[in-house]
1. Can you tell me which residue is farthest from B:THR154 (Cα to Cα) among those in segment B:22-48 that are within 13 Å of chain A (Cβ to nearest Cβ) and open to solvent by 40 Å² or more (accessible area, probe 1.4 Å)?
2. Which number in (1) farther than 30 Å from A:GLY38 by Cα; (2) open to solvent by 40 Å² or more (accessible area, probe 1.4 Å); (3) away from chain B (no Cβ under 14 Å); (4) in contact with a helix residue (DSSP H, G or I) (Cβ under 8 Å, 6 or more places away or on another chain) marks the one condition that A:ALA106 misses?
3. Which residue is farthest from A:GLY177 (Cα to Cα), if the candidates are limited to segment A:16-32 and must be part of a strand (DSSP E or B) and of a type in the set (Ser, Thr, Tyr)?
4. Hey, any hits in segment B:235-248 for a residue that's within 13 Å of chain A (Cβ to nearest Cβ), in contact with a helix residue (DSSP H, G or I) (Cβ under 7 Å, 6 or more places away or on another chain) and not polar (S, T, N, Q)?
5. In this structure, does A:ASN67 turn out to be more than 7 Å from chain B (Cβ to nearest Cβ), within 30 Å of A:SER24 (Cβ to Cβ) and assigned to a helix (DSSP H, G or I)?
6. Determine if segment A:157-167 includes at least one residue that is in contact with a Pro (Cβ under 8 Å, 6 or more places away or on another chain), assigned to a helix (DSSP H, G or I) and open to solvent by 10 Å² or more (accessible area, probe 1.4 Å).
7. Being of a type in the set (Asp, Glu) and modelled with pLDDT of 80 or more is the filter here; which residues of segment A:145-163 pass it?
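The values are calculated or read from the model by the stated rules, or taken from the named source; none is laboratory data. The structure presented is a predicted model; accordingly, all values stated were derived computationally and were not measured. No Cβ is skipped: glycine too gets one built from the backbone with ideal geometry, and neighbour counts run over all protein chains shown. Heads up: the accessible areas ignore ligands, DNA and RNA and are worked out on the full protein's heavy atoms, side chains in. Shrake-Rupley method; radii C 1.70, N 1.55, O 1.52, S 1.80 Å.
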Amino acid sequence: MRVIVDKLSFAYDDKIVLNNLSFSLVSGDFLSVIGRNGTGKSTLAKCMLKLLKIPDKKIFLDDVDINKLKKLFNIGYVPQKSEFNYEFPISVKELLLCAYPKRKDAFFTQIINDLDLNVIYNDNINNLSGGQLQRVFIARALLCNPKMLVLDEPTVGVDQENIEAMYKILSKLKSEGITIILITHDPVFCKDLSTYTLILDDLGFFSFEKGCKTYD
Amino acid sequence: MISLMSIFDFFIEQDFFRYAIYSAIILGVLAPVVGSVVVIRRLSFIANTLSHFSLAGVTMGVLIANVFQFELLNPTIWGVIFGVLGTFLIEKLRNFYKNYKELSMPIILSLGVALSSLFLSLSTGVDSKFINSLLFGSILAVGLTDFILILIITLLIIIFILTSYKKIVTLCFDETFAIVSGINVKFLQMLITITLAFVISFFLNLIGVLLISALMIVPISIGILIGKSYKNALIVSIVFSEISVILGFFLSYYFDLPTGATIILLCIFFLFSIMIFKKIRLIYLNRK
């Protein structure tokens with residue numbers, strides 16, 4: 001998916017979080033968005049997912065203004081672990097089937113197999129480890145048949161082994177031409193995958209650079 | 001066994017009891033289903049608020065019948081109108097407070113109680129038995145009209161739940177994902193709250209204002225403790241809800257106890273028993 005962000009600014013009350021932010025991505029690009037807490041990483045994700053209201057002609061997906069899209073087609077979202085409602089029992093199977101508009105079919109089964117979810121398919125979400133949970137969230141996002149995937153801090157609470165498994169999954173998705181936007185504290189996680197790095201700072205300034213970068 | 005059957009036959013032969021027990025069996029399924037959404041969305045208090053605001057509607061219906069000497073609308077319908085109105089008022093008030101959104105509920109609850117008290121005091125000839133049945137429920141309160149209304153509303157709710165099941169579950173567990181996947185969250189949320197208002201208002205007479213919300217919350221609290229999946233938790237809560245409702249009905253009839261109170265006490269008894277059982281089991285497993 002082709003993504004263009006053109007002079008996007010966003011402020012909460014008086015605090016400017018994003019200031020004239022511009023960049024563009026094409027299919028198969030991998031963007032790591034890094035910066036300290038409160039620099040607007042999640043705000044950018046929310047703008048791209050239409051969770052926050054922005055002016056017209058600031059974000060274009062496949063050359064269509066995001067505000068003109070009634071529904072976000074082909075966009076997958078992997079939330080922060082803390083955003084999920086945990087206390088009520090729900091199985092992996094229920095979570096995935098409810099996110100999938102059709103009945104269980106070959107595409108659905110393929111994703112379950114690809115992400116190695118067969119063993120935990122009937123388990124309660126509350127009993128999963130951080131890594132297993134992230135795999136479930138990625139599977140749920142992939143069920144939307146995405147051309148763009150937005151991941152918000154997917155490595156938080158995940159052990160090294162599962163981080164490496166996630167790296168492999170994202171690498172495969174990138175090679176399939178899915179545009180990936182990764183919000184992270186941990187730029188090292190995807191240093192070989194990042195085609196671009198967007199570094200955000202406290203004052204709303206940004207730098208958009210090729211490859212993997214870190215911030216001071 | 002024969003005598004038990006004959007008691008059952010006697011009950012079923014009584015029209016008032018037949019309507020009441022059928023309504024209660026329907027409520028035994030509807031309350032946990034709607035209640036599960038309320039609990040997951042952390043809106044447990046909204047059920048209590050709406051039941052008190054519906055009461056204002058019912059009492060207004062009684063007042064109008066009292067003043068004009070004819071029923072403009074069935075008091076249950078007034079209860080439904082107020083129940084739905086209450087959902088909109090709660091939503092409007094929520095927008096006035098940024099960090100204290102939950103304040104809207106006690107405000108509307110108090111308004112409902114105050115209006116009910118006012119309407120009842122203005123109505124003449126309302127006896128304490130009627131007020132008692134409003135507050136704690138009565139099996140005599142469900143007539144043929146009420147029962148037909150209950151059947152219609154149940155059918156509508158079942159259609160809504162079956163057609164929107166996936167969307168409702170997605171919204172309950174992850175609102176952000178629901179928005180991103182194109183679900184009209186505000187509209188769906190409104191439909192859920194209106195469904196809640198309907199269930200509360202239509203069954204208000206049977207279970208009572210003070211206890212109707214408990215039937216939505218307590219069985220699903222059992223489901224959370226035992227269930228391994230959403231479906232499993234729902235089935236568990238419906239089973240306990242039905243046992244409490246049916247047993248509660250016969251006990252309340254046989255021993256002349258308030259229906260709502262008997263049902264809820266049974267429900268809470270099951271909940272506490274399961275809590276204790278789980279605790280003992282945990283201690284036993286830890287020792288092992």
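1. Per the criteria, the residue is B:ARG42.
2. (4)
3. A:SER22
4. yes
5. The answer is yes for A:ASN67.
6. Narrowing segment A:157-167 to residues in contact with a Pro (Cβ under 8 Å, 6 or more places away or on another chain): A:166.
With assigned to a helix (DSSP H, G or I) added as a condition, the list becomes A:166.
Subsequent filtering for residues that are open to solvent by 10 Å² or more (accessible area, probe 1.4 Å) retains none.
No, because not a single residue in segment A:157-167 is in contact with a Pro (Cβ under 8 Å, 6 or more places away or on another chain), assigned to a helix (DSSP H, G or I) and open to solvent by 10 Å² or more (accessible area, probe 1.4 Å).
7. Start the filter on segment A:145-163 by keeping residues that are of a type in the set (Asp, Glu), which leaves A:152-153, A:159, A:161.
Residues satisfying the conditions are A:ASP152, A:GLU153.
Each row is one residue, and each column tells you yes or no for (1) open to solvent by less than 50 Å² (accessible area, probe 1.4 Å); (2) under 30 Å from A:PRO89 (Cα atoms); (3) at pLDDT below 90.
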| site | (1), (2), (3) |
| --- | --- |
| B:GLU13 | no, no, yes |
| B:PHE16 | no, no, yes |
| B:TYR19 | yes, no, yes |
| B:ILE81 | no, no, no |
| B:LYS92 | no, no, yes |
